[in-house]
Amino acid sequence: MKKISVRTSDGQEFELEENLAMESATIKTSLDAFSRDDIILLPNVNSWEMVKIIEFFTKVQELETKFGVKFMEKKEGRFLEAFQAEFDKDLSDDNLYCLLWTVDYLGIEVLLENLCHLMAERTKNKTVESCRNLFGVQHDYTPEEEAEIREDYSWAFEGPEIEE
Amino acid sequence: MTGLFGNRFFTRILKKATFYAIKGGRRSPEKQKEIRDWSDLPPELLSLIAERAGLFALQSFHRVCKAWNSASSAALPQILETELNQGPWFLLYDDKSPKCKVLTGSGKKLIMSRPELDRTTCLATYQGWLLLFQQGCGSMFFFHLFSRRRIDLPQFPDSELTDHVAAVSCSPTSQDCMVCVISRSNDAELEAKVLYLGEDQAWTKLKYSRSRVYTGTIKFAVYHTGIFCFFDHRNDRILTLSTENRAHNWSVINLIFSPKNQSRPGTLLFDRGELKKKFDDMKKKMGLTKGVSISTCGTITLSEGLPKFIFNEIISDHAEESKRNHFKGVWMQPRLKQNPSTYKR
């Protein structure tokens, strides 16, 4: 299996197996044009992020071997429930934020799905205020604007029990 | 050594890279609070997240800030698609509390305050609409569970329910809506009461007295292309009432059963014990600990691409207290319109 070399923004070099490197649409595009012997520069990827991404791929391969299902091919994000619980523990909100940007940039669909799911889980059952505090979002609605949109989705459901 | 920055690749990689590079300086995890701005995430990403958060999170999500609000709207069609295609929902209510519980197809539990359901029995559903009969005053009306809209019907001829079963042809908001309620008036006779919502001021009574031909007990009713169909506990034949041009002809149709894996065009699935199968599980999810009895109103849903009829049932724990703890259950297959503004009160 051919190895592809990449260099992150902080100068660290990593070797990825070719089939995994190709999961990144961005890397794949550059590989299609250039020789695979060259090192690919990734100025927008930090080394800790690269470590996380490799960790993800390793875990997927483990599970694929264990369950005999080609998860990557199916592009099914949500099967990795057990894995997500693990991935979620040591990923702070800020790290998740950075990782989302990076994975979006690299175009790794499967991982992006998982991260979006992680992020969505963190917003569940939170009140509007808690969401803002948790993610440090600027409140850009005037009281009048907010009153207007308050009723917007009440047509769907009223009062699912929300935790603070 | 060649790098990434060839002219050819400007639009594909460098442009995107430049976009991210501008943000790049803010992305260091060491600099924490002051750089974090989730509303800055690309809109497509925010929409993806909104989609995964689902319908229930939408209520909070859309109010956080303007960027999240747009993302919510953009994600809405997909969210609805996902949430509503996961099997029928189950509504549970009783006379002791104005709060009712709904278990969605995807397993989420909602608690809503619906005093309008007090002392009512649901005879049929159409998407989010319930056809309700109120004990005591004998009034019949349509009630939309989510928008709480109410459409009153002319006074129903029977003041009490016995073995009444009903079906609705389409949304009660349409002028073409027809309702048919059938019950056994005596040992020899079945009686159907039909109402054309857009036209009639009163119910039309139609008797079926050829009970030697059809002696079954009606357990479920459904409407299909001009015909009301009534299913009995035996299932091998169905009684039909055609409404075309108000001709009101009765007929009996024989059903053919085929093994489950050999479905052909026009196949329907029946489930006479949907709740029975899931009874213990349902009780747990709904937080029912004591002995209970539940009478349910069935519905039509889709299962693996085929129409499936969930029949009316009466289930009980057979404990002494079950009779006292009686609940009403309603299977529903809601479809919420894409344009929510029509549901604003």
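A few remarks follow.
- Filter result for residue B:133 (free of Cβ contacts under 8 Å to residues at least 60 places away in the same chain, in contact with a Pro (Cβ under 6 Å, 6 or more places away or on another chain) and surrounded by 21 or more Cβ atoms within 10 Å (Cβ to Cβ)): no
- Helices (runs of 4 or more DSSP H) lying entirely in segment B:1-89 (those with 3 or more residues that are buried (at least 16 other Cβ atoms within 10 Å of the Cβ) and at pLDDT 70 or above): B:43-53, B:58-61, B:66-84
- Failed condition for residue B:170, given (1) among the hydrophobic types (A, V, I, L, M, F, W, C); (2) within 30 Å of residue B:44 (Cα to Cα); (3) assigned to a loop (DSSP other than H, G, I, E, B): (2)
- Flag if residue B:104 is closer than 22 Å to residue B:301 by Cα, of a type outside the set (A, V, I, L, M) and either more than 18 Å from the chain's Cα centre (by Cα) or at the interface with chain A (Cβ under 10 Å from one of its Cβ atoms) (or both): yes
- The residue that is surrounded by the most Cβ atoms within 10 Å (Cβ to Cβ), counting only those in segment B:286-307 that are closer than 11 Å to residue B:271 by Cα and at pLDDT 85 or above, is B:298.
- Candidate set from segment A:122-152 (those that are charged (D, E, K, R) and under 23 Å from the mean Cα position of the chain (by Cα)); member that is farthest from the other protein chains (Cβ to nearest Cβ): A:122
- Selected residue (criterion: farthest from the chain's Cα centre (by Cα)) from residues of segment A:39-56 that are more than 9 Å from every other protein chain (Cβ to nearest Cβ) and without any contact (Cβ under 8 Å) to a residue 40 or more places away in the chain: A:47
- Only one entry of B:68, B:89 meets the criterion of being within 14 Å of chain A (Cβ to nearest Cβ) and within 23 Å of residue B:282 (Cβ to Cβ), and that entry is B:89.
- Among residues of segment B:107-127 being polar (S, T, N, Q) and more than 11 Å from chain A (Cβ to nearest Cβ), the one that is nearest to the chain's Cα centre (by Cα) is B:127.
- Residue match in segment B:104-121 (condition: in a strand (DSSP E or B) and over 22 Å from residue B:59 (Cβ atoms)): yes
- Of the residues in segment A:19-38, not one is in contact with a Ser or Thr (Cβ under 6 Å, 6 or more places away or on another chain) and touching a residue at least 60 places away in the same chain (Cβ under 8 Å).
- Some residue of segment B:217-232 being at pLDDT below 90 and more than 21 Å from residue B:124 (Cβ to Cβ): no
The values are calculated or read from the model by the stated rules, or taken from the named source; none is laboratory data. Keep in mind the model is a prediction, meaning the values are calculated, not measured. In this analysis, Cβ positions are derived from the backbone assuming ideal geometry, glycine residues included, and neighbour counts consider all displayed protein chains.
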